[in-house]
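Chemist: I am attaching a structure below and will ask some questions about it afterwards.
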């Protein structure tokens, strides 16, 4: 019996392969990844060390990368289509390890320039259309690049940035290319961090992926915070934060930078700080911005749009305020009336500082409906969320004032997000976007602001702390946000999962069955999400186990208060009559709440994989 032979790609990756049994069809692994499955008995695997050295050398010297010319009649006859070219003949000529990360030029017989990455080949017209799509749709809200940059120069100087622009634009206009690009581009980004480059372009590529991330299935695959840290390190190592003293970070004898290059470095550094500040606020993590953050002078030298400059200043100020409030809350845990009043007073003072900053920049007077106003509302929601938990329990005037303030901010944010177009809706070239709403092209941090506004309104409604009129406005605003999430989800990504989850949790029947029993101190209204999710999972476990009582160790004490086990378990029994209704609600929502599994610490604790689809939309608060 002949010996089973794996295909070349699986042998290179040391993966299990069923090509021998499935021939002549591709193996399962190549079929799911849309790759050419080729069995070569003489194939010799390239070691990881050799590939890393080769990748580092080519990324360090992009101009020395070989320019391949298709000379054979078979390759010359392959004419690229407007839907992207994937030919097994061309793919078989390059080793599988080269396909995974290498970008090359090619020239066909009719002098048509081709750019290739793995099995993806783009012609000149496709590249121009995708670049126009990026600068028309995505660039206005995150202007990290110079708008007149040429695709050919980007591909020559920094292939990583070139393909990051391509994959970002392909998200909404080229669904035939997008999945394959999502598999290939992260490998190039990882390689760009292996060497030190004095160019700002590798850093720009990483920043774009922070603002327009690739879709993820699990929260462990969300690398935005890691990318942000990589960008900050790359920027400081080459002196982007000291453009006036850039010669100190360059090799001896290097020519001084021109004003244009210095402007690009300043623009990249300002965008680095903006990305890190927004992610720090969103995730509840300490900011990596050095003390000498961009000043007004540096922001003006960066030649950034006035709206983005305002949004950057607000993001930096919000990150500083979050750190201050977080330290104040963690050090002062008293619950006396005086302490509560002092905490609410601190929030009012910081909110007035935000209003003063906005007034000094003329946001409300000259930019009434721009991204600066949206950033201001997001900063206020984040600030109020530190005390939102207490505000929903207390019936004091300070608590009522905070509830109304965060309600106004949340409803205004949803209305502004859905009613104002920050980018043009005009069609670009020959590309089609299927009539997608313009919000589809917004950076991800604005979408998280929309989601957190929904969570805040749901928390206020569920705790019955809103008057009847405001409660009705809250329901309308949440429905508007859910409609936006559904209509702007291009691929099955976080937006569609969030829409399904909110659609489930906002149903009155679910809210009647699942009452929040645990007060989670977290940011941006995420406590509501944690509370309801914990209750849903507890209900699922009770139903599966058929038990009437559970040990109190199932529920950690997230309220940081001293209570015994009997107090924690009070009221946890669910009525049997609600089980069928809950099953129907979960099934009709389309959102899957995973079952229970084993845990290495305690068999009664839930498997953390149950939260994989949820943590990608929540800040890491504890």
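Chemist: Filter the range 285-326 for residues that are in a helix (DSSP H, G or I), at pLDDT below 80 and over 14 Å from residue 357 (Cα atoms) and give the result. Show your work before the answer.
Modeler: At the first step, the residues of the range 285-326 found to be in a helix (DSSP H, G or I) are 296-301, 306-326.
Remaining after also requiring at pLDDT below 80: 296-301, 326.
The answer is 297, 298, 299, 300, 301, 326.
Chemist: Moving on. Any idea which of (1) over 23 Å from residue 285 (Cβ atoms); (2) in contact with a helix residue (DSSP H, G or I) (Cβ under 6 Å, 6 or more places away or on another chain); (3) at pLDDT below 80 is the one residue 366 doesn't satisfy?
Modeler: (2)
Chemist: Checking residue 421 against (1) under 27 Å from the mean Cα position of the chain (by Cα); (2) in a helix (DSSP H, G or I), which test does it fail?
Modeler: Of the numbered conditions (1) under 27 Å from the mean Cα position of the chain (by Cα); (2) in a helix (DSSP H, G or I), the odd one out for residue 421 is (2).
Chemist: I'm trying to understand the selection: among the residues of the range 469-495, which are assigned to a helix (DSSP H, G or I), out of contact with any helix residue (DSSP H, G or I) (no Cβ under 7 Å at 6 or more places or on another chain) and either at pLDDT below 80 or under 16 Å from residue 216 (Cβ atoms) (or both)?
Modeler: 494 - this is the single residue of the range 469-495 that is assigned to a helix (DSSP H, G or I), out of contact with any helix residue (DSSP H, G or I) (no Cβ under 7 Å at 6 or more places or on another chain) and either at pLDDT below 80 or under 16 Å from residue 216 (Cβ atoms) (or both).
Chemist: Another question about this same structure. Identify all residues within the range 153-184 that are in contact with a strand residue (DSSP E or B) (Cβ under 8 Å, 6 or more places away or on another chain), within 23 Å of residue 274 (Cα to Cα) and modelled with pLDDT under 90; write none if there are none.
Modeler: Within the range 153-184, no residue meets the criteria.
Chemist: Another question about this same structure. I'd like the full set of residues that are in a helix (DSSP H, G or I), in contact with a helix residue (DSSP H, G or I) (Cβ under 9 Å, 6 or more places away or on another chain) and closer than 18 Å to residue 200 by Cβ, limited to the range 140-163.
Modeler: Scanning the range 140-163 gives 151, 154, 155, 156, 157, 159, 160, 161, 162, 163.
The values are calculated or read from the model by the stated rules, or taken from the named source; none is laboratory data. Given the structure is predicted, the values throughout are model-derived calculations rather than measurements. Glycine gets a Cβ as well: all are built from the backbone with ideal geometry, and neighbour counts include every protein chain shown.
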